[in-house]
Amino acid sequence: MSADLQTLFDNNQRWSEEIRRSDPDFFPTLSRQQAPKYLWIGCSDSRVPANEIVGLLPGELFVHRNVANVINHTDLNALSVMQFAVDILQVRHIMVVGHYGCGGVQCALHDRRLGLSDNWLRHVQDVKYKHQPLLAGIAAGRQHDALCELNVIEQVVNSARTTVLQDAWSRGQDLTVHAWCYGLSDGLVTDLGLSVSGVEGAEQHAARAAEAVRARHQGGAAPNT
Ligand code: CO
């Protein structure tokens, strides 16, 4: 085995031993059930490790990640994760978590071609086109941060429109979707001020959150990236 991969097995052995030493029941308990309260939908970026950022252990966070944290209505992978999390695990919170410095958002913003993934990033470009007037009013150096935030807001709206969430809300399930953005430069999560707990009003809440993006980035403060 290559030295790179051997290191991973060595790390794994050490990690497993450390946990079993501090809590001998940890793995046996975890192997019998998982009962996470949260579903994290984030970017695949290696610098955005979901559990570590919010200090949750294995078993506490259900996770779906893809390039630029997109929720697309025909993505059976994301929809299946959401359905399992909502119907079976009964999570209470879904957080859509973008991050500043996102390569996918950067490519969408500047029409940069990568290959096959350009087609996936069309969804982020749709967000850019939808909010073109807002973005045009923001200095070039701030547009990336603003589009990262707008993308999260639109993906929250997309998630609220899925049959999975609509069915959950129509049967009275307690479930809220949140819009968050993570900073690579300081490790901090920002709440974008959008929490959706039903189909009603999701559009208006999102429009208000988008206005807050405009207000935040029209000023002269330093960008997050
Ligand atoms: Co990213």
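Nothing in this text is a laboratory measurement; each read-out follows from the coordinates by a stated rule. Because the structure is a prediction, the values reported are computed rather than measured. Methodologically, a virtual Cβ is constructed for each residue, glycine included, from the backbone with ideal geometry; neighbour enumeration extends over all protein chains shown.
Quick notes on this structure:
- Kirkwood hydrodynamic radius computed over the chain comes to 18.8 Å, based on all pairs of distinct alpha carbons.
- In the chain, the longest principal axis of the Cα atoms and the axis of helix 202-218 are about 80 degrees apart.
- The antiparallel fraction among DSSP beta bridges confined to the chain stands at about 20%.
- Region 127-179 and region 30-86 have Cα centres separated by 17 Å.
- R0 of 35 Å, Cβ-Cβ distance Asp111-Thr29: FRET efficiency to nearest 0.05: 0.10
- Value of relative contact order over region 97-208, rounded to a whole percent, pairs C-alpha under 8 Å and six or more apart: 28 percent
- Value of [θ]222 nm, deg cm²/dmol, for the chain, DSSP H segments ≥ 4, -39500 (n - 2.57) each, nearest 500: -15000 deg cm²/dmol
- Remark: Ile19, Ile41 ranked as Ile19, Ile41, counting other beta-carbon atoms within 10 Å and listing the fewest first.
- Angle in degrees between helix 3-22 and the longest Cα principal axis of the chain, rounded to the nearest 10: 70 degrees
- Per principal axis, descending, Cα span of region 152-225 in whole Å: 45, 24, 15
- Relative contact order, whole percent, for the chain stands at 20, derived from Cα pairs under 8 Å and 6 or more residues apart.
- At an R0 of 30 angstrom, the distance between the Cβ atoms of Ala212 and Val63 translates into a FRET efficiency of 0.65.
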